[in-house]
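One structure is given below, encoded as structure tokens.
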Amino acid sequence: MKKRIVITGGHLTPALAVIEELQKRGGWEIYFFGRKYAAEGEKVPSLESLIIPEKGIWFIPISAGRLQKKFTRYTIPAALKIPLGFFQAFFHLLRLRPKVILSFGGYVSVPVVVAGWPLGIPAVTHEQTTVAGRATKINSFFAKKICISWPQTTWMFPKKKSVLTGNPIRQEIFKVNQKLWQALKFEKGRPLILVTGGNQGSHAVNLAVEGCLKKILAKYNLFQQTGHLQALGDFERLEKARSKLSPNLQRRYHLKKYIFGEEWGTLLSRADLVVSRAGMNTLTELAALGKPLLLIPHPWVPKDEQTKNAQMLKEAGLAEILPQEKLTPRLLFKMIEKMIKNLGFYQSNSIKAKKLVKLNAASKIADEVEKIS
């Protein structure tokens, strides 16, 4: 008989890394409790609802609510979903009776971990960042074990329940698919700039790239991950802009809503410079590969978390930081130019940056799950 585990949370990247490890070990029947839609007010499917079933895992949508910091037309409906999410999670946990719950933060994880407590289902929760999120803080009261990614966060949680595991990395980022690379037909001899705003994308970053697009393409190849949210139409607008370029420039420019699997690993391996937000999951993978980074931290993340994440890699000599309040097409292009000219300096610091990452983090978390179950 396989043991059942429920995995939940808003941080999909480390969850996928641990799922990969558990599937490799065998003996687990895995269920994923997550969001059906990417954001309030949108009918765009969440990435987890699309990707998790492809992994052969049961996906169960939870209508989790949250308390928003800014009042919008979705604030009251989101708050009213809080008890609904709890009762949905309770019902599915009662039905499935898993041996353990594994949480990766985010508001969707809270009703699942809390509902598991009265049912006697032990939970393991993981914190990805250097600044503990509100969801992890709540979950830590109910969890049997708290897995921590970075030494500087150990003081935030009870010592007896905490273990330093590192932040899990998907093994696919180390894989290169030559057919995928050759299909892109980038112009040979030109550096590749890879732009990513994370799974949901960044409107501010997309606009800045759009503003200096022809300047970038005059010198470099460019792959841009725009994000999959439809409200601002970034992908569609940039795709239209690409169609108006000369055939020569079109060959140097590719874009997609999101990138996963070997395609992500292939692009990372080939990229000379990555322009990115500073979410910790993305940074962990980029640090593991020692890629030079131009980081644009999200300014509205609680406790300025992304700036602190970015500072860690800047101090390691791998990254430069461009604050969003200073972000313009002109300055973005200027910093890209500066970093490309000094790639040797950043590449020489890659070993130092790689030492920040624990490559066996997924295995360590899987060990804790097996102990608790």
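The values are calculated or read from the model by the stated rules, or taken from the named source; none is laboratory data. It should be emphasised that the depicted structure is a prediction, and the values quoted were computed from it without experimental measurement. Counting neighbours? That spans all protein chains shown, and the Cβs are built from the backbone with ideal geometry, glycine included. Calculation scope for accessible area: heavy atoms of the full protein, side chains included, ligands and nucleic acids excluded. Shrake-Rupley method; radii C 1.70, N 1.55, O 1.52, S 1.80 Å.
The residues on offer are GLU236, GLU172, GLU210, and the sole one that is part of a helix (DSSP H, G or I) and at pLDDT 95 or above is GLU210.
Annotation note: of PHE260, PHE333, the sole residue that is more than 23 Å from the chain's Cα centre (by Cα) and either at pLDDT 95 or above or under 21 Å from THR13 (Cβ atoms) (or both) is PHE333.
Close Cβ contacts (under 9 Å, 6 or more residues apart or on different chains) running from residues in the stretch 1-26 that are over 27 Å from ILE259 (Cβ atoms) and of a type in the set (A, V, I, L, M, F, W, C) to residues that are open to solvent by 70 Å² or more (accessible area, probe 1.4 Å) and at pLDDT 95 or above comprise ILE5/LYS99. Residue selection: LEU192 satisfies the criterion of being within 30 Å of TYR220 (Cα to Cα), of a type in the set (A, V, I, L, M) and in contact with a strand residue (DSSP E or B) (Cβ under 6 Å, 6 or more places away or on another chain). Evaluated against (1) surrounded by fewer than 19 Cβ atoms within 10 Å (Cβ to Cβ); (2) modelled with pLDDT under 90; (3) of a type outside the set (Val, Ile, Thr); (4) within 14 Å of LYS81 (Cβ to Cβ), ALA64 falls short on exactly one condition, (1).
Tell me whether the stretch 297-320 contains one or more residues that are over 17 Å from ILE169 (Cβ atoms) and of a type in the set (Phe, Trp, Tyr).
Within the stretch 297-320, one or more residues are over 17 Å from ILE169 (Cβ atoms) and of a type in the set (Phe, Trp, Tyr).
Number of residues in the stretch 224-244 that are under 25 Å from LEU268 (Cβ atoms) and of a type outside the set (Asp, Glu) equals 10.
Does the stretch 144-158 include one or more residues that are within 30 Å of LEU273 (Cβ to Cβ), open to solvent by 10 Å² or more (accessible area, probe 1.4 Å) and small (Gly, Ala, Ser)? Within the stretch 144-158 (the criterion being within 30 Å of LEU273 (Cβ to Cβ), open to solvent by 10 Å² or more (accessible area, probe 1.4 Å) and small (Gly, Ala, Ser)), the answer is no, since none of the residues qualifies. If you go through the stretch 13-51 and pick out every residue that is open to solvent by less than 10 Å² (accessible area, probe 1.4 Å), closer than 17 Å to VAL112 by Cα, modelled with pLDDT under 95 and out of contact with any Lys or Arg (no Cβ under 9 Å at 6 or more places or on another chain), you end up with 1. Note on the stretch 198-239: residues that are of a type in the set (S, T, N, Q) and either farther than 26 Å from GLN306 by Cα or out of contact with any strand residue (DSSP E or B) (no Cβ under 7 Å at 6 or more places or on another chain) (or both) total 6.
All conditions in (1) touching a strand residue (DSSP E or B) at 6+ places or on another chain (Cβ under 9 Å); (2) touching a residue at least 40 places away in the same chain (Cβ under 8 Å); (3) surrounded by 24 or more Cβ atoms within 10 Å (Cβ to Cβ) hold for THR284, with the sole exception of (1).
Could you list, in sequence order, the residues of the stretch 104-135 that are outside any loop (DSSP other than H, G, I, E, B) and open to solvent by less than 10 Å² (accessible area, probe 1.4 Å)? Working first, answer last.
Taking the stretch 104-135 as the starting set, the residues that turn out to be outside any loop (DSSP other than H, G, I, E, B) are 109-116, 123-127, 134-135.
Those that are outside any loop (DSSP other than H, G, I, E, B) and open to solvent by less than 10 Å² (accessible area, probe 1.4 Å): SER109, VAL112, VAL113, ALA115, GLY116, ALA123, VAL124, THR125, HIS126, GLU127.
Does the stretch 318-335 hold any residues that are crowded, with 16+ Cβ neighbours inside 10 Å, free of Cβ contacts under 8 Å to residues at least 40 places away in the same chain and not in a strand (DSSP E or B), and which are they? Residues satisfying the conditions are LEU318, LEU322. Can you spot a residue in the stretch 327-345 that is over 21 Å from LEU217 (Cα atoms) and of a type in the set (S, T, N, Q)? No; the residues of the stretch 327-345 include none that is over 21 Å from LEU217 (Cα atoms) and of a type in the set (S, T, N, Q).
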